[in-house]
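Engineer: Sharing a structure here in C-alpha cells format.
The values are calculated or read from the model by the stated rules, or taken from the named source; none is laboratory data. Everything numeric here is computed off the predicted structure, so don't read it as measured data. Quick reminder, even Gly has a Cβ in these numbers, built from the backbone with ideal geometry, and neighbours come from all protein chains shown.
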C-alpha cells in the first residue's frame with residue numbers, strides 16, 4: 001500500500017539558482033526560436049532561457065543564511081563563460097540547448113557544491129551534475145511535433161559562448177510563480193585567487209530534500 005502522507009519537506013518552499021543569457025546571447029536564442037515560431041505559430045511554449053545550478057526545496061529558516069553565503073561565494077569568484085553547443089530534448093514535449101562544461105563553470109560548480117554541503121543544504125546524491133546542465137528553449141510541444149521540432153533546430157548551427165557575470169536566486173510562491181529574491185554579481189578580477197572562506201565558518205545542518 002502506498003504511503004500518501006506528506007513529508008515535512010513537502011511544505012518547504014522551492015528555490016532556484018540560475019544564470020540568464022546576456023543581451024547578445026538572448027538575441028541569438030530568440031532568432032532561433034522565432035524561426036520555429038514562424039513555422040508553427042500555435043504550438044509550444046517559450047520559457048525564459050536560464051541555466052539552473054539547483055532547483056530544490058529548502059526550509060525557509062535557511063533563506064537568509066543561503067543568501068549571505070551565496071553573496072560571499074560570488075564576490076570571491078571570477079566571471080566565466082559557458083558554451084551552448086547542441087540541441088537535444090526530452091520526448092515528447094521539451095527541447096533544450098546543451099551546456100558544454102567549461103573550466104570556469106566546473107570550478108564554480110565545485111565551489112557551490114562545497115558551500116551547499118557545508119550548509120547542509122544538499123549532498124553529493126542530489127547535487128547538480130554536469131550532464132544535467134541545459135537551457136530550455138521550447139516546452140509543451142504536441143507529441144506529434146517533437147521529432148519535427150528537433151529536426152528544425154538541428155539544421156541550425158549552434159556553438160557560441162555565453163558570459164556568466166551574475167546569478168539570480170528565485171523562490172516559488174504557493175501559486176507556482178517564481179519570484180526574484182536576490183541577484184549576485186561576480187566581482188573578483190581574473191588575477192585574484194579564490195579563497196575557500198566557507199571552510200572557516202560554521203553553520204548548522206539545516207537539512208534539505
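Engineer: Restricting to region 159-187, and then to whatever is within 15 Å of residue 74 (Cα to Cα) and touching a helix residue (DSSP H, G or I) at 6+ places or on another chain (Cβ under 7 Å), can you tell me which residue is surrounded by the most Cβ atoms within 10 Å (Cβ to Cβ)?
Structural biologist: 167
Engineer: Please work out if residue 69 is surrounded by 13 or more Cβ atoms within 10 Å (Cβ to Cβ), closer than 24 Å to residue 183 by Cα, within 15 Å of the chain's Cα centre (by Cα) and in contact (Cβ under 8 Å) with a residue 24 or more places away in the chain.
Structural biologist: Values: surrounded by 13 or more Cβ atoms within 10 Å (Cβ to Cβ): yes; closer than 24 Å to residue 183 by Cα: yes; within 15 Å of the chain's Cα centre (by Cα): no; in contact (Cβ under 8 Å) with a residue 24 or more places away in the chain: yes.
Judged against the criteria, residue 69 is not a match.
Engineer: For region 131-158: of the residues being touching a helix residue (DSSP H, G or I) at 6+ places or on another chain (Cβ under 7 Å) and either part of a helix (DSSP H, G or I) or at pLDDT 90 or above (or both), which is nearest to residue 50 (Cα to Cα)?
Structural biologist: Taking the candidates together, the pick is 137.
Engineer: Can I ask one more? Of all residues in region 13-35 being without any contact (Cβ under 8 Å) to a residue 12 or more places away in the chain and surrounded by fewer than 14 Cβ atoms within 10 Å (Cβ to Cβ), which is nearest to residue 57 (Cα to Cα)?
Structural biologist: 23
Engineer: Sort through 55, 38 and tell me the only one that's out of contact with any helix residue (DSSP H, G or I) (no Cβ under 7 Å at 6 or more places or on another chain), part of a helix (DSSP H, G or I), loosely packed, with under 15 Cβ neighbours inside 10 Å and at pLDDT 85 or above.
Structural biologist: Criteria check complete, one pass: 38.
Engineer: Counting only residues that are surrounded by 14 or more Cβ atoms within 10 Å (Cβ to Cβ) and assigned to a loop (DSSP other than H, G, I, E, B), which one in region 102-130 is modelled with the lowest pLDDT?
Structural biologist: 127
Engineer: Could you tell me whether region 18-29 includes any residue that is part of a strand (DSSP E or B) and under 16 Å from the mean Cα position of the chain (by Cα)? First the steps, then the outcome.
Structural biologist: To start, the set of residues in region 18-29 that are part of a strand (DSSP E or B) comprises 18-19.
Okay, now just the ones that are also under 16 Å from the mean Cα position of the chain (by Cα), so 18-19.
Yes, some residue in region 18-29 is part of a strand (DSSP E or B) and under 16 Å from the mean Cα position of the chain (by Cα).
Engineer: Considering only residues that are in contact (Cβ under 8 Å) with a residue 12 or more places away in the chain and farther than 22 Å from residue 29 by Cβ, which ones fall in region 174-187?
Structural biologist: Hits for region 174-187 are 181, 182, 184, 185, 187.
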